[in-house]
Amino acid sequence: MALLSTVDFPHIIKKTDGISHGRIDLHSHTHCSDGELSPQALIDRAWNYQIDVLAITDHDTTQALDIADAYIKEKNVPIKLIPGIEISTAWHGFEIHIVGLNVDKNHADLMQLISEQQNAREIRAELMGEKLAKCGFDDVYDKALSLAGKGSITRAHFARVLHQQGHVSTMQKAFDKFIGKGQRAFVKPNWCSIEHAISVIHQAGGTAVMAHPIRYDLSAKWLRRLIVQFKEDQGDGLEVVLPQMNQQQRQTMLNYCLEYNLLASLGSDFHRPSKWSDLGRHLTLPDGAIPIWKQWA
Ligand code: AMP
Ligand code: MN
Ligand code: MN
Ligand code: MN
């Protein structure tokens, strides 16, 4: 495993409770997937916000990492970049996102998985394009492809085009009316399993974290099942803190961590500047959590 020494973490403030820390954000996106900022602009923003440790975790791609790394070196930016990825997985008809942190992006197994996931994305995008054409939106597919460029093609690109063309009043409505689960232009994706994603992340020397457990629209019973499965598959941690989570939700996730012996992660899931969330904002682990970065120190 690519261990980080404490020297590599100069900004993390270690207090007696072990929880207080410098500004850490372990979940963010660039335009290499469905984020709006370039890797350079994301680093500039993180720098402005005085983030000490930032993970870039684009959907099924690591393309941003070299670009961000080169920029950090060129500009001498005082940020520790954690190489990451957010892998889409399939579980009982739900799409569960597994974040890999501190991965070796050049590991053959990871590169193989990325190529399979990219393939699944391209096939799904084409089928989604056909369904949207049947809804009367002929050129959405081409526009979404060009918006995605060389990066991962995601439903967010389709949503942006549908919004830009005035077919829906917000991006969220594009999901609610057309491309969300069960809607007219929804296509079931062919993602890998949770077990495979975790295993590849581990092969590549990384730590596997379940992204935003509150966002899967699962009942308490099914959420517990998911966490049990994640633990059985050797998952390492849960995202306990996201800007949108209230105190009670953070406490519930922390309780799952304690019950199943999982580490706690935190991140903004930053995609674009907005009123509601930004890099590193409102991110502090609750008392009693064992931080995921303990593994790296
Ligand atoms: P994909 O991974 O291609 O299915 O794209 C899903 C991405 O679309 C997520 O990572 C979110 O950033 C974004 N998104 C925005 N609203 C929704 C929604 N209602 N359901 C799912 N994804 C959404
Ligand atoms: Mn996204
Ligand atoms: Mn996600
Ligand atoms: Mn994300």
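Where strands (runs of 3 or more DSSP E) fall entirely within segment 46-152, those with at least 3 residues that are open to solvent by less than 60 Å² (accessible area, probe 1.4 Å) and away from ligand 4 (no atom under 16 Å from the Cβ) are at 80-91.
Screening segment 153-181 for residues that are open to solvent by 40 Å² or more (accessible area, probe 1.4 Å) and of a type in the set (D, E, K, R) and picking the one that is nearest to ligand 2 (Cβ to nearest atom) gives Arg155. Among Ile214, Ile201, Ile227, which is the only one that is away from ligand 1 (no atom under 16 Å from the Cβ) and either of a type in the set (Phe, Trp, Tyr) or farther than 15 Å from Gln112 by Cα (or both)? Answer to the check: Ile227.
Of Ile82, Ile67, all but one fail to be touching a strand residue (DSSP E or B) at 6+ places or on another chain (Cβ under 8 Å), assigned by TED's automatic domain parsing to the domain that holds Met210 and away from ligand 2 (no atom under 15 Å from the Cβ); the exception is Ile82.
Considering each of Gln112, Gln118 in turn, give the residue that is within 21 Å of the chain's Cα centre (by Cα), at pLDDT 95 or above and within 16 Å of ligand 2 (Cβ to nearest atom). Residue meeting the stated conditions: Gln118.
The values are calculated or read from the model by the stated rules, or taken from the named source; none is laboratory data. For clarity, every value in this text was computed on a predicted model and none was experimentally measured. Heads up, the Cβs are rebuilt from the backbone with ideal geometry, glycines too, and the neighbour counts pull from every protein chain shown. Only protein heavy atoms, including side chains, enter the accessible area calculation; ligands, DNA and RNA are left aside. Shrake-Rupley method; radii C 1.70, N 1.55, O 1.52, S 1.80 Å.
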